[in-house]
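This report concerns only the one structure given below.
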Amino acid sequence: MSENNTRVQGDPRLKGDLSLLSVILFGLAYISPGIVVTMFGVVAATSGGVAPTAFAVATAAMLLTGLSYAKMARAVPGSGSVYTYARKMLDSRIGFLSGWAMLLDYFFIPMVGWLITAIYFNAQFPDVPKWVWLIVSVGLTTGINVFGMKLADRVNKALMFIAVGSLILFATLCVVFLGKHGSAAPVADSVWNPGTSLGAVTAAAAIAAYSFLGFDAVSTLGEEARGGAQTIGRGIIGCVVAAGAIFVVLSFVMQLVHPGAKFADVDAAAYHLKVQVGGETYAEIINFVTIAGSIASCIALQASAARLMYVMGRDGVLPKAVFGTLSAKTGTPVLGLLLTAVAGVIAMKLDLTTATSFINFGAFLGFALVNVCVIAHLIRERGQGRSPNLISYLVMPLIGAGVSVYLLTKLGDVALRIGGVWLAIGVVYLACLTKGFRRPAPGMTFDDGSEEPAPDAVTV
């Protein structure tokens, strides 16, 4: 048996040496910060022409949940995100259901990323069918991820610097345009104006919050980050703050270039703004840069999905032979990566609206649960004679959970129906695994046959 085989089989842990910068860039790639440009028209129209205010409110709301993720990353080191946190802090069966719900998000969101990349490629090269670009995108990102996190990290850094550079260029062009032509409305109107209201801003913030989906993916790198839990906690907060800063600044200059809430086509507002500040040639060239950022996002999306499935397979809650193994050569969950690639091909039969309609259900449910886990952690700590700060471990998580539930209720009927059906299937599967909920969900097993002791359930 080779040394590499011994390492993978004897220690069922993911391997890596990611720095804090790598972790933050991974999260930003998952979020894809350029989404603020795409969503600007919708957020500005909904908010009454104060898009930066809506993004600022969304940043504050997501930061509450980000702080909860950071706390749980320190309290429960390792990969698995909310699945691991809920299992440790609440109950193994709740952990399973939270992981199952998150799978709806993690497993299918790479498909959306590949579809968006294929759309960008097709826009640049319309003579090549979209399905060809879809297969190229799936094959490229899968190959990078299969060969390990080091390669994925290097490629991701390069592509993300290009993508962030393009956003800086766009912001600069907006500032230059404003310097030459000025804004058609006072600067203060981009922050608050007579045409907006608190209700309009909060509704727009709920939409803007979708832009942050993916920062929690950083928590799946707990076993691959240099510095472990401390790096992951800082990475999560850094990712939310960095994304929020990009969103607020870019939406502010865009709102100055196009004051108000009226657009000929809110979905095409981004393209028209690019033409307005940079001309047709710039708008065409920037599409290439958008493709680079989209590929970086797909690398992060697929890596997170495969790692969540690996941890659940390693625990035995998904078939271990399929999901719970790592490649002896690369140390990556190859079968999980290939499975997400196969699912990605389904995107050939879907449009973007349908593909994105149901992925948010698991995300917002997971956000709510991680805040509940922080409260459960507080209860455990107080039971052991320690007294964590009540503002940090009770009040803020309660607000974070409330915001997440509110966002969940704002999803469309299709998303809620699909999410409900998916969760129901998970309940049935869990009932089979636990003999009618009479047993805990399977725990992590190691090669010597020992099993991780299941934590006592905490009722909150």
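The values are calculated or read from the model by the stated rules, or taken from the named source; none is laboratory data. Note that this is a predicted model, so its numbers are computed, not measured. As a convention, Cβ positions derive from the backbone with ideal geometry for all residues, glycine included, and neighbour counts pool all protein chains shown. The protein model used for the area step is the full one, side chains on, heavy atoms only, and it has no ligands, DNA or RNA in it. Shrake-Rupley method; radii C 1.70, N 1.55, O 1.52, S 1.80 Å.
Taking the solvent-accessible surface of protein heavy atoms with a 1.4 Å probe, what is the per residue accessible area of region 279-416 in Å²?
Per-residue value: 39 Å².
Relative contact order for the chain: what is it in percent, counting Cα pairs under 8 Å that are at least 6 residues apart?
Details: 798 pairs, mean separation 155.2, N = 460.
Relative contact order comes out at 34 percent.
With everything on Cα atoms, drop me the angle between helix 269-314 and the longest principal axis of the chain, reported from 0 to 90° to the nearest 10.
10 degrees
Tell me, what is the percent relative contact order of region 284-377, built from C-alpha pairs under 8 Å that lie six or more residues apart? The partial results should precede the final answer.
Working: 54 pairs, mean separation 15.6, N = 94.
So the answer I get is 17 percent.
Among Ile346, Ile379, Val395, flag the residue with its Cα farthest along the positive direction of the charge dipole of region 324-432, charges on Cβ as +1 for Lys/Arg and -1 for Asp/Glu.
Positive-most Cα among the choices belongs to Ile379.
Evaluate the relative contact order of region 363-409 (contact order divided by residue number), counting alpha-carbon pairs under 8 angstrom at least 6 apart; express in whole percent.
Relative contact order here is 58 percent.
Mind grabbing the accessible area of Thr290 for me, 1.4 Å probe, Å², rounded to tens?
Using a 1.4 Å probe on the heavy atoms, I get roughly 40 Å².
Students often get this wrong, so try it: which of [x] 28.5, 109; [y] 25.8, 82; [z] 22.0, 72 is Rg and Dmax of the Cα atoms in Å as calculated from the structure shown?
Among [x] 28.5, 109; [y] 25.8, 82; [z] 22.0, 72, the one derived from this structure is [z].
Roughly speaking, to the nearest percent, how much of the chain's 1.4 Å accessible area is carbon and sulfur?
Working: 12400 of 18520 Å².
Looking at the chain in its full context, I get 67 percent from C and S.
Using +1 at the C-beta of Lys and Arg and -1 at the C-beta of Asp and Glu, which of Thr202, Leu90, Ala283 has the Cα lying farthest in the positive direction of the dipole of the chain?
Leu90
Amide H neighbours of Ala225 under 5 Å, at least 5 residues apart or on other chains, H built in the peptide plane: list them.
Under 5 Å from the amide H of Ala225: Leu18.
Any idea how many Lys pairs in the chain come in under 28 angstrom at the alpha carbon, given 8 or more places apart or on separate chains?
26
Mind checking which of Val36, Tyr120, Ser68 is farthest towards the positive end of region 15-148's charge dipole, using Cβ charges of +1 (Lys, Arg) and -1 (Asp, Glu) about the Cα centre?
It is Ser68, whose Cα lies furthest towards the positive end.
Would you please put 103-112, 389-398 in order of how densely packed they are, using the mean number of other Cβ atoms within 10 angstrom per residue and starting with the highest?
Going by the mean number of other Cβ atoms within 10 Å, highest first, we get 103-112, 389-398.
By how many degrees, between 0 and 90 and to the nearest 10, does the Cα long axis of helix 396-409 differ from the longest principal axis of the chain?
It is inclined by approximately 70 degrees.
Would you mind working out the magnitude of the charge dipole of region 249-345 relative to its Cα centre, with +1 at each Lys and Arg C-beta and -1 at each Asp and Glu C-beta, to the nearest 20 Debye?
For region 249-345, the charge dipole is close to 500 debye.
Relative to the Cα centre, what is the charge dipole magnitude of the chain, using +1 at the beta carbon of each Lys and Arg, -1 at the beta carbon of each Asp and Glu, and rounding to the nearest 20 debye?
Approximately 680 debye in magnitude.
Taking only Cα atoms, what is the 0 to 90° angle, nearest 10, from helix 413-433's long axis to the longest principal axis of the chain?
10 degrees
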